[in-house]
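The values are calculated or read from the model by the stated rules, or taken from the named source; none is laboratory data. These numbers come from a predicted model, not from an experiment. In this analysis, Cβ positions are derived from the backbone assuming ideal geometry, glycine residues included, and neighbour counts consider all displayed protein chains.
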Amino acid sequence: MAADNPLAPAEQGKRACLEPDTQAKTCWTIASYSKMADGIYQVTQKTGIRNTTDFEIRTIYITKLKDGQICQTVEPDYLDNAKFYHMGDEMLRQDLANIRAIAAENMKNVIGKEVCMTLGAAAADGAQEFSVTIAGTPEKLDSNRHHKLLWVTPDDGYHLLRTQIEN
C-alpha cells in the first residue's frame, strides 16, 4: 500500500535529499530509488565525504523495505565498488588511498551491518525528520547535523556540493 511505503515519493520520480539546506538548495546526500520488485529498490547515491570539502562518493546498492523502514546491509566491499570524485571529476584508483581511509573511518560502525532509516511525518516545508538503527540499535545522531530528508525533483535545483543533480 503506497501510504505505508516511505519510498512512495521515489516512485513518483523524486529523489531523497538528506540534510537539505533549503536556502542554498544543497544536500549532503542525494539518492535516487528504482523499484526492482515489491519492497526492493536499487539506490544510486551521491554523498559528500565528511571532514572534506570537495569530495564525494557515488554508490549503487540494494535497499529493502522492512516494517516501514528503509534498510540495507552495508557490505564489506561497499567502498571498493564506490566511485570517488573531487570537484566533479572521477579520481584515479592510485590517488584514492587517503580519501578511502577517511571514508572507511566514517563508515567503520556500519560495514557488515544492517542500517535502517525510519522517516517521521512531513513538516510544513515537506522535510521529514529521520532516525537510524544499526544492527537494530538506535544510532545516536550528531547533534550538529540536520536529520531531515526532503523529497526533490531535478527541476527543484538542489545539488550536492558543486555537482548538479543529473537527469
In the range 87-105, what residues are buried (at least 16 other Cβ atoms within 10 Å of the Cβ) and of a type outside the set (A, V, I, L, M, F, W, C)? ARG100
Residue satisfying condition, being touching a Lys or Arg at 6+ places or on another chain (Cβ under 7 Å), crowded, with 18+ Cβ neighbours inside 10 Å and in contact (Cβ under 8 Å) with a residue 24 or more places away in the chain, within set CYS116, CYS71: CYS116
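Would you check if ILE102 is of a type in the set (A, V, I, L, M), in a helix (DSSP H, G or I) and either touching a residue at least 24 places away in the same chain (Cβ under 8 Å) or in contact with a His (Cβ under 8 Å, 6 or more places away or on another chain) (or both)?
Details: of a type in the set (A, V, I, L, M): yes; in a helix (DSSP H, G or I): yes; either touching a residue at least 24 places away in the same chain (Cβ under 8 Å) or in contact with a His (Cβ under 8 Å, 6 or more places away or on another chain) (or both): yes.
Criteria met by ILE102.
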Among the residues of the range 97-123, the number that are of a type in the set (Gly, Ala, Ser) and either closer than 26 Å to TRP151 by Cα or touching a Cys at 6+ places or on another chain (Cβ under 7 Å) (or both) is 5
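Out of the range 60-79, which residues are assigned to a loop (DSSP other than H, G, I, E, B) and either modelled with pLDDT under 80 or farther than 18 Å from GLY112 by Cβ (or both)? Working first, answer last.
Within the range 60-79, the first condition is being assigned to a loop (DSSP other than H, G, I, E, B), and the residues that meet it are 67-68, 74-77.
If the condition is that a residue be assigned to a loop (DSSP other than H, G, I, E, B) and either modelled with pLDDT under 80 or farther than 18 Å from GLY112 by Cβ (or both), then ASP67, GLY68 are the ones that fit.
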Step by step: first the residues of the range 20-35, then only those that are of a type in the set (Ser, Thr, Tyr) and assigned to a strand (DSSP E or B), then the one that is surrounded by the fewest Cβ atoms within 10 Å (Cβ to Cβ). Which residue is that? SER34
GLN94 vs. criteria free of Cβ contacts under 8 Å to residues at least 12 places away in the same chain, assigned to a loop (DSSP other than H, G, I, E, B) and out of contact with any Gly (no Cβ under 8 Å at 6 or more places or on another chain): no
Exception for GLY126 within (1) closer than 15 Å to THR29 by Cβ; (2) modelled with pLDDT of 90 or more falls at (1)
Scanning the range 1-35 for residues that are closer than 20 Å to LEU65 by Cβ and acidic (Asp, Glu), the one modelled with the highest pLDDT turns out to be GLU11
Tell me, yes or no, whether the range 142-156 has at least one residue that is of a type in the set (Lys, Arg), within 16 Å of the chain's Cα centre (by Cα) and either at pLDDT below 80 or assigned to a strand (DSSP E or B) (or both). yes
Restricting attention to the range 110-127, which residues are over 14 Å from the mean Cα position of the chain (by Cα) and farther than 14 Å from THR73 by Cβ? GLY120, ALA121, ALA122, ALA123, ALA124, ASP125, GLY126, ALA127
Looking at the structure I just gave you, is ASP38 surrounded by fewer than 17 Cβ atoms within 10 Å (Cβ to Cβ) and either at pLDDT below 90 or among the hydrophobic types (A, V, I, L, M, F, W, C) (or both)? no
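Condition test on ALA82, is it modelled with pLDDT of 80 or more, of a type in the set (A, V, I, L, M, F, W, C) and buried (at least 18 other Cβ atoms within 10 Å of the Cβ)? Before the answer, list the steps.
Details: modelled with pLDDT of 80 or more: yes; of a type in the set (A, V, I, L, M, F, W, C): yes; buried (at least 18 other Cβ atoms within 10 Å of the Cβ): yes.
Here the answer is yes, as ALA82 does meet what is asked.
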